[in-house]
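The values are calculated or read from the model by the stated rules, or taken from the named source; none is laboratory data. Being a predicted model, the structure only gives us computed values, none of them experimental. Here the Cβ positions follow ideal geometry from the backbone for every residue, glycine too, while neighbour counts run over all protein chains shown.
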Amino acid sequence: MNCRRLQGSIYRVAKTLVVAVIALSLLPLLPAKTKQDDIQWMTSEEAFETSHNGSVPGPEAIKKVVIDASYEEVFHAASNAVTQSMWEIDKQDKTAGVLLAHRIVEEPITKNYKFEDNRCTAPAWVSLCTPEKHLYFYRVKMNELNAKQTEVVIEGKVQGYCILACTPVNLFGAKLGKTWCSDYKESCGELRTGAWLKVNDQQEMSQFVALLRNNLIAAGGL
């Protein structure tokens, strides 16, 4: 009798282990829900559509340079400069003179937002400032001024993931981090929907212009 009970116990344990192994093996097949499921990522075209984002760039978000070269030469050099800048080209329209591109990086929210009351190193909020996925969008527009002059207009936007929740710490009746959380949530909301870049703060845009000029010099266009 004891032998039968022992066999029954062994059988139940073995059955449980088999079920557990099967369940674990199926985990990779289940749809993975990530913390970034609550953000709607834009495409390069959507990033620069006024009807999509409801905003237009201010003067600080537009970089204009006039190149002493033909439209044909500048467009070709700009296309190469986009690739050399390690941006991924999403659209090329030579007739309209437009190049759309993007790049993906991981960085903290403080890369684009400077907080006066920055509490990123505090244990209560350190998770809000860890590097997260950011999408940088670029629009290069070329306008022919004359046979030997072309205007190049560059705009950029950034969209990034950040955690919207930020709670001040209640310590002896005082709300620590109240100002920080208010500024953080406002900045996070802007970042998640897409914010215009200040071109003078963007090394990548200056690098693009330098590469554009170098390509024209190499081709004998300047």
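Go through the range 37-64 residue by residue and tally those that are β-branched (Val, Ile, Thr) and surrounded by 13 or more Cβ atoms within 10 Å (Cβ to Cβ).
3
Test of understanding: among Glu73, Glu88, Glu45, Glu106, which residue is closer than 18 Å to Cys162 by Cβ and at pLDDT 90 or above?
Glu106
Out of all the residues in the range 92-111, which are in contact with a helix residue (DSSP H, G or I) (Cβ under 7 Å, 6 or more places away or on another chain) and over 13 Å from Ala78 (Cα atoms)?
Listed by number, the residues that qualify are His102, Pro108, Ile109, Thr110.
For the subset of the range 198-222 comprising residues that are out of contact with any Asp or Glu (no Cβ under 8 Å at 6 or more places or on another chain) and outside any helix (DSSP H, G or I), which member is farthest from Met86 (Cα to Cα)?
Gly220
Every residue, every condition in (1) surrounded by 15 or more Cβ atoms within 10 Å (Cβ to Cβ); (2) among the hydrophobic types (A, V, I, L, M, F, W, C); (3) out of contact with any Phe, Trp or Tyr (no Cβ under 9 Å at 6 or more places or on another chain), yes or no:
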position: Glu106; (1), (2), (3): no, no, yes
position: Ile109; (1), (2), (3): yes, yes, no
position: Lys114; (1), (2), (3): no, no, yes
position: Thr121; (1), (2), (3): no, no, yes
position: Ser127; (1), (2), (3): no, no, yes
position: Arg139; (1), (2), (3): yes, no, no
position: Thr150; (1), (2), (3): yes, no, no
position: Val158; (1), (2), (3): yes, yes, no
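Of the residues that make up the range 84-98, is at least one among the aromatic types (Phe, Trp, Tyr) and over 24 Å from Ala210 (Cβ atoms)?
Checked against the condition, which is being among the aromatic types (Phe, Trp, Tyr) and over 24 Å from Ala210 (Cβ atoms), the range 84-98 yields no hits at all.
So, in the range 123-143, exactly how many residues are over 22 Å from Val169 (Cβ atoms) and not polar (S, T, N, Q)?
12
Residues in the range 190-205: is at least one more than 24 Å from Ile62 (Cα to Cα) and either surrounded by 19 or more Cβ atoms within 10 Å (Cβ to Cβ) or not polar (S, T, N, Q) (or both)?
No, there is no match, as no residue in the range 190-205 is more than 24 Å from Ile62 (Cα to Cα) and either surrounded by 19 or more Cβ atoms within 10 Å (Cβ to Cβ) or not polar (S, T, N, Q) (or both).
Quick one: in the range 168-189, of everything that is hydroxyl-bearing (Ser, Thr, Tyr) and in contact (Cβ under 8 Å) with a residue 40 or more places away in the chain, which residue is surrounded by the most Cβ atoms within 10 Å (Cβ to Cβ)?
Going through the qualifying residues, I end up with Tyr184.
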